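Q: So that we are looking at the same thing, I have put the structure below in structure tokens.
What follows draws every value from the coordinates through simple rules; no lab data is involved. None of the values given here were measured: they were computed from a predicted structure. Counting neighbours? That spans all protein chains shown, and the Cβs are built from the backbone with ideal geometry, glycine included.
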Amino acid sequence: MDEVVRLRLQLFGALRDHGSEVELVVPRGADTAAVRGALAEALAIDPALLAISALANDDEVLDESATFECDGVLAVLPPVCGG
């Protein structure tokens with residue numbers, strides 16, 4: 001069994017300035033904070049934006065206790081404002 005998980009993260013909102021998606025490899029069992037940290041490093045951006053961004057899979061917005069045990073696709077949803 002692989003000790004890592006491959007995640008394809010689709011980027012939305014202000015994060016689209018960095019492309020439409022990025023692939024990350026994180027340790028199996030990594031939590032949302034670890035994924036956000038790896039994404040901030042990969043995009044060379046301030047982690048504060050990602051700290052207030054939601055991570056979602058096909059079924060739900062993930063809470064902070066979510067862990068990643070298998071490869072998958074996630075959406076990264078930064079906060080949005082406007083009228």
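Q: Test of understanding: what is the full-extension gain from VAL4 to ASP63, defined as 0.36 nm times their sequence separation minus their Cα-Cα distance? Display every interim value, and only then the final one.
A: Numbers: separation 59, 0.36 × 59 = 21.24 nm, distance 2.08 nm.
Result for the pair: 19.2 nm of gain on full extension.
Q: If R₀ is 25 angstrom, what is the calculated FRET efficiency for the pair ALA51 and ASP17, using the beta carbon separation as r and rounding to 0.05?
A: 0.90
Q: Translational D (Stokes-Einstein, µm²/s) of the chain at 4 °C and 1.567 mPa s when Rh comes from the Kirkwood sum over C-alpha pairs?
A: Approximately 101 µm²/s, per Stokes-Einstein.
Q: Quick check on the chain: of the DSSP beta bridges with both residues there, what percent are antiparallel, nearest 5%?
A: The antiparallel proportion sits near 70 percent.
Q: If amide hydrogens are placed 1.01 Å from N in the peptide plane, which non-local residues have theirs closer than 5 Å to the one on ALA54?
A: LEU77
Q: Would you please put 62-70, 11-19, 29-37 in order of how densely packed they are, using the mean number of other Cβ atoms within 10 angstrom per residue and starting with the highest?
A: Descending mean neighbour count gives 29-37, 11-19, 62-70.
Q: Still on this structure: Report relative contact order for the range 4-77 in percent, whole number only (criteria: Cα-Cα under 8 Å, sequence separation at least 6).
A: Normalised by residue count, the contact order of the range 4-77 is 42 percent.
Q: Assigning unit charges at the beta carbon (Lys, Arg +1; Asp, Glu -1) and nothing else, what dipole magnitude in debye, to the nearest 20, does the chain show about its Cα centre?
A: About 260 debye.
Q: On to the next question. Most exposed first by the Cβ proxy, i.e. fewest other Cβ within 10 Å, how do ASP2, ASP59 rank?
A: ASP59, ASP2
Q: Return the calculated 222 nm mean residue ellipticity for the chain, to the nearest 500 deg cm²/dmol, obtained by summing -39500 (n - 2.57) across DSSP H runs with n ≥ 4 and dividing by the residue count.
A: -5500 deg cm²/dmol, from helical runs alone.
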